[in-house]
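The values are calculated or read from the model by the stated rules, or taken from the named source; none is laboratory data. Worth saying up front: this structure is predicted, and the values here are computed from it rather than measured. FYI the Cβ positions are ideal-geometry reconstructions off the backbone, even for glycines, and counts take in every protein chain you see. When the accessible area is computed, the model is the full protein with side chains, heavy atoms only, and any ligands, DNA or RNA have been set aside. Shrake-Rupley method; radii C 1.70, N 1.55, O 1.52, S 1.80 Å.
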Amino acid sequence: QVQLVESGGGLLQPGGFLSLSCAVSGGSINIFDINWYRQPPGKQRELVATSNRFGYTTYADSVKGRATIFRDNGKNTVDLQMSSLKPEDTAVFYCKANRDGESYWGQGTQVTVSA
């Protein structure tokens, strides 16, 4: 059974740095396309970044230049780092794994950017 667990959220300051990790169990990350999403308070969930199984990455315009998604094959994780944080980055961040029409979500981790 595939399971995803996010970690690394918390209270961060504007201008600060965020590092999130998505630990995948039940399968190697090499067989999945992995997305990071976020859901700001009162808003819909939005796609932040994607790392596909071929090494291709994409980013939402709102985080482009500030975010990096990368795979750690040794830990079987897909991590998301963001710099120059803004209050509008406040959201619950989720990772999602996709393969052959199946999708698996983590439970989410809260990120709050506030002074």
Inset, instruction - Just one of (1) without any contact (Cβ under 8 Å) to a residue 24 or more places away in the chain; (2) open to solvent by less than 70 Å² (accessible area, probe 1.4 Å); (3) under 10 Å from the mean Cα position of the chain (by Cα) trips up residue 47, so point out which. - result: (2)
Inset, instruction - For residue 53, indicate whether it is assigned to a loop (DSSP other than H, G, I, E, B) and farther than 12 Å from residue 6 by Cβ. - result: yes
Inset, instruction - Hey, can you tell me all the residues within the stretch 11-27 that are under 13 Å from residue 115 (Cα atoms) and surrounded by fewer than 17 Cβ atoms within 10 Å (Cβ to Cβ)? - result: 11, 13, 14, 15, 16
Inset, instruction - Taking the options 70, 32, name whichever one is open to solvent by 20 Å² or more (accessible area, probe 1.4 Å), within 15 Å of the chain's Cα centre (by Cα) and either over 21 Å from residue 3 (Cβ atoms) or not basic (Lys, Arg) (or both). - result: 70
Legend entry - Residue within the stretch 77-85 that is in contact (Cβ under 8 Å) with a residue 24 or more places away in the chain, surrounded by 13 or more Cβ atoms within 10 Å (Cβ to Cβ) and of a type in the set (Asp, Glu) present: yes
